[in-house]
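Colleague: Dumping the structure here so I can ask a few things about it.
Since every read-out is calculated from the coordinates, none of them should be taken as a lab result. These figures come from a predicted structure and were not determined experimentally. Neighbour counts are summed over all protein chains in view; Cβ atoms, including those assigned to glycine, are modelled from backbone coordinates with ideal geometry.
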Amino acid sequence: MTVVLGSLGLYHPPTDAIELPAVLHALSDPQRLQILRLLDAQKTPVPCGSLPLGISKSTATHHFRVLREAGLIEQSPTGTSKLTTLRRADIDARFPGLLELVLTSPRELSDAASGA
């Protein structure tokens, strides 16, 4: 089952279709981990362009797409931007404890694992 949101046709997998290999791939990049940590700190949806990422717009777009298609984030088109939220409840339902472990792990371990 494909879930499409809004007129832009943004793909968001339903909870039961979120697959561990896609999630682990999305979590394997330090920049995407930073995005998830920033989103986790937010209590409301935020425009993706408002996050302090320090990367080009095209690179940010790529990272958001990988995270969205893996089922880690949800993006809702609003005007000229996309409001972005972490799909914490969905990930916790599918893979209990995984997101908490990743988001609370020391940044040094994340950087060392990625070879940074």
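Colleague: State, to one decimal in nm, how far the label point of residue 11 lies from the label point of residue 51, with both points 7 Å from Cα in the Cβ direction.
Modeller: 1.9
Colleague: Would you kindly state how much longer the chain becomes between residue 83 and residue 24 on full extension, computed as 0.36 nm times their sequence separation minus their alpha carbon distance, in nm to one decimal?
Modeller: 18.9 nm
Colleague: Report Rg(Cα)/(2.2 N^0.38 Å) for region 29-114, keeping two decimals.
Modeller: So region 29-114 has a normalised radius of gyration of 1.06.
Colleague: So for each of 22-31, 45-54 I average, over its residues, the number of other beta carbons within 10 Å; can you give me the resulting order with the highest mean first?
Modeller: Peptide ranking by packing, descending: 22-31, 45-54.
Colleague: Can I ask one more? With a sphere of radius 11 Å drawn around the Cβ of residue 48, what net charge do the other residues whose Cβ falls strictly inside it have (Lys, Arg +1; Asp, Glu -1)?
Modeller: +4
Colleague: Still on this structure, I have one more. With labels modelled as points extended 7 Å from the Cα through the Cβ direction, what inter-label distance (nm, one decimal) is found for residue 92 paired with residue 76?
Modeller: Label-label distance for residue 92 and residue 76, simple model: 1.9 nm.
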